[in-house]
Amino acid sequence: SAQPYSMGYLGPDGPEHLGTWLVSEGFFETFGVRPILGRTFTRDEYTEGRNRVAVIGEDVWRSRFAADRGIIGRQLTLDSVPRTIVGVMPRSFKFPPEREVWQPQVFVEEDRRLRRSTYLTVVGRLATGATLPSARADLGAISAQLTREYPRTNTGVGATLVTLPEKTVGHVRRALLVLMGAVGLVLLIACGN
């Protein structure tokens, strides 16, 4: 699961905001993407007091740190709190879009008791042999069970399952298809000439 933030960063050109994403254990492993430098978070970094670490994106590494290969172990101060940079993710890793820094999400007991919070984005990988319809049916059953157990807070709350391509380009899919068709037509005309 993940939750978005924007944090203040005081760089050499003055203050700016960096899109930050708090991520839970297993986030990077779900995507199967490895950092180009350093590592992602260790299990103990998802606990209070040990969570002052960050993984940065390649664009941040290049634009704000001049692609310094010695960046691992350096401090990145966000909202006046220093964090140790432990990894750099490749430019190709763009989830979620417009996020440049990832930090470990620490869940405390109060978080587990809050039944009205529906702000988390959950990312998962289908098990081998599973299908989207079966996963959607499973989520529907889980939502129904939660509504029965917690009718005051879960009535009308459910889960929607979308694929990553739908999530990232779903809103512009039609425009992309039209553009691809137009480019193909121009290419066909050019080849014909």
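Could you pull out the residue among Arg74, Arg62, Arg69, Arg43 that is free of Cβ contacts under 8 Å to residues at least 40 places away in the same chain, touching a Leu at 6+ places or on another chain (Cβ under 8 Å) and among the charged types (D, E, K, R)? Before the answer, list the steps.
On the way: Arg74 fails: touching a Leu at 6+ places or on another chain (Cβ under 8 Å); Arg62 fails: touching a Leu at 6+ places or on another chain (Cβ under 8 Å); Arg43 fails: touching a Leu at 6+ places or on another chain (Cβ under 8 Å).
Result of the check over Arg74, Arg62, Arg69, Arg43: Arg69.
Within region 1-50, being of a type in the set (A, V, I, L, M), under 21 Å from Trp61 (Cα atoms) and in contact with a strand residue (DSSP E or B) (Cβ under 6 Å, 6 or more places away or on another chain) holds for Met7, Leu18, Leu22, Val23, Ile36, Leu37. So in region 4-40, with the set limited to residues that are among the charged types (D, E, K, R) and out of contact with any helix residue (DSSP H, G or I) (no Cβ under 6 Å at 6 or more places or on another chain), which one is least open to solvent (accessible area, probe 1.4 Å)? Among those residues, the one meeting the criterion is Glu16. When Arg52, Arg43, Arg39 are screened for being charged (D, E, K, R), more than 14 Å from the chain's Cα centre (by Cα) and within 18 Å of Arg91 (Cα to Cα), only Arg39 passes.
Among the criteria (1) open to solvent by less than 80 Å² (accessible area, probe 1.4 Å); (2) modelled with pLDDT of 80 or more, the one Thr128 does not fulfil is (1). Selection over region 54-94 of residues that are of a type in the set (Val, Ile, Thr) and surrounded by fewer than 20 Cβ atoms within 10 Å (Cβ to Cβ) gives a count of 4.
Every residue in region 95-104 that is open to solvent by 70 Å² or more (accessible area, probe 1.4 Å) and of a type in the set (D, E, K, R), please. Before you say what the answer is, go through the steps one by one.
Step one: filter region 95-104 for residues open to solvent by 70 Å² or more (accessible area, probe 1.4 Å), giving 97-98.
Of everything in region 95-104, just one residue is open to solvent by 70 Å² or more (accessible area, probe 1.4 Å) and of a type in the set (D, E, K, R), namely Glu98.
The values are calculated or read from the model by the stated rules, or taken from the named source; none is laboratory data. A quick note: this is a predicted structure, and the numbers were derived from the prediction, not measured. Counting neighbours? That spans all protein chains shown, and the Cβs are built from the backbone with ideal geometry, glycine included. The protein model used for the area step is the full one, side chains on, heavy atoms only, and it has no ligands, DNA or RNA in it. Shrake-Rupley method; radii C 1.70, N 1.55, O 1.52, S 1.80 Å.
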